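See structure below.
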């Protein structure tokens, strides 16, 4: 029998404060985001691996602070006169060009002049960023640092529930527990598993079950 056709339907990602689950793995970082008015020099760097929730927390902070969220790759196009009371810059450690580094330096100064706040997200500690502009390096080192730790069971389970809900898919708690006992314990693995379950469910026109999840995980181990 030919495989059923599947379609990539738009996925709505929930980024509100109530959608963010707090556990021991991220409680310190969440508290630091909530306490943004006390950041040193009104600057903070949020560090964590891909899929750890940096983007979600950046949007939580932006909503609280009346700020915007932009990608580091787009900062050259920013009008510094209209950036508002704060800005979150995502992926600030991804090897910026010389022009982007200069733009980020001027952004630091513009926000400092008006008493605005700056949040930078990254995968690595600021000391390990490949910055070539000394003045920007010194500005970044003035910021505080918040770290998202490795996921615990509670956080992975909550993440899987959220990722499934983003795809308008419901997973029974028993299925999540079944998966947690067998999957790689990382944010990336959780994201990949939920995406695979969604794709398999659409293809086979069936609800997720243990047999499906077991097959997906076994395929990943091959």
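Give 135, 125 a once-over and let me know the one that is in contact (Cβ under 8 Å) with a residue 60 or more places away in the chain and more than 30 Å from residue 211 (Cα to Cα). Explain how you work it out, then say what you get.
On the way: 135 fails: in contact (Cβ under 8 Å) with a residue 60 or more places away in the chain.
Of 135, 125, the one residue that is in contact (Cβ under 8 Å) with a residue 60 or more places away in the chain and more than 30 Å from residue 211 (Cα to Cα) is 125.
From the list 107, 155, the lone residue that is in contact with a strand residue (DSSP E or B) (Cβ under 8 Å, 6 or more places away or on another chain) and either buried (at least 16 other Cβ atoms within 10 Å of the Cβ) or outside any loop (DSSP other than H, G, I, E, B) (or both) is 107. Applying the criterion of being assigned to a helix (DSSP H, G or I) and surrounded by fewer than 15 Cβ atoms within 10 Å (Cβ to Cβ) to the residues of the range 22-33, the residue that is modelled with the lowest pLDDT is 27. Is there a residue being closer than 28 Å to residue 24 by Cα and at pLDDT 95 or above anywhere in the range 94-114? No, the range 94-114 contains no residue that is closer than 28 Å to residue 24 by Cα and at pLDDT 95 or above.
Is it the case that some residue within the range 172-184 is within 20 Å of the chain's Cα centre (by Cα), more than 29 Å from residue 37 (Cα to Cα) and either assigned to a strand (DSSP E or B) or outside the structural domain of residue 97 (by TED's automatic domain parsing) (or both)? Give the steps one after another, and end with the answer.
From the range 172-184, those within 20 Å of the chain's Cα centre (by Cα) are 184; that's our starting set.
Of the ones still in play, those that are also more than 29 Å from residue 37 (Cα to Cα) are 184.
So of that shortlist, the ones also either assigned to a strand (DSSP E or B) or outside the structural domain of residue 97 (by TED's automatic domain parsing) (or both) come out as 184.
Yes: the range 172-184 contains one or more residues that are within 20 Å of the chain's Cα centre (by Cα), more than 29 Å from residue 37 (Cα to Cα) and either assigned to a strand (DSSP E or B) or outside the structural domain of residue 97 (by TED's automatic domain parsing) (or both).
Farther than 30 Å from residue 208 by Cβ and without any contact (Cβ under 8 Å) to a residue 40 or more places away in the chain: is that true of residue 153 in this structure? Don't jump to the end; show me each part of the working.
Values: farther than 30 Å from residue 208 by Cβ: no; without any contact (Cβ under 8 Å) to a residue 40 or more places away in the chain: yes.
Considered against the rule, which asks whether it is farther than 30 Å from residue 208 by Cβ and without any contact (Cβ under 8 Å) to a residue 40 or more places away in the chain, residue 153 comes out as no.
Within the range 162-171, being assigned to a helix (DSSP H, G or I) and within 17 Å of residue 212 (Cβ to Cβ) holds for 163, 164.
The values are calculated or read from the model by the stated rules, or taken from the named source; none is laboratory data. What you see is a predicted model; the values in this text were computed from it and never measured. Virtual Cβ from ideal backbone geometry, glycine too; neighbours counted across all protein chains shown.
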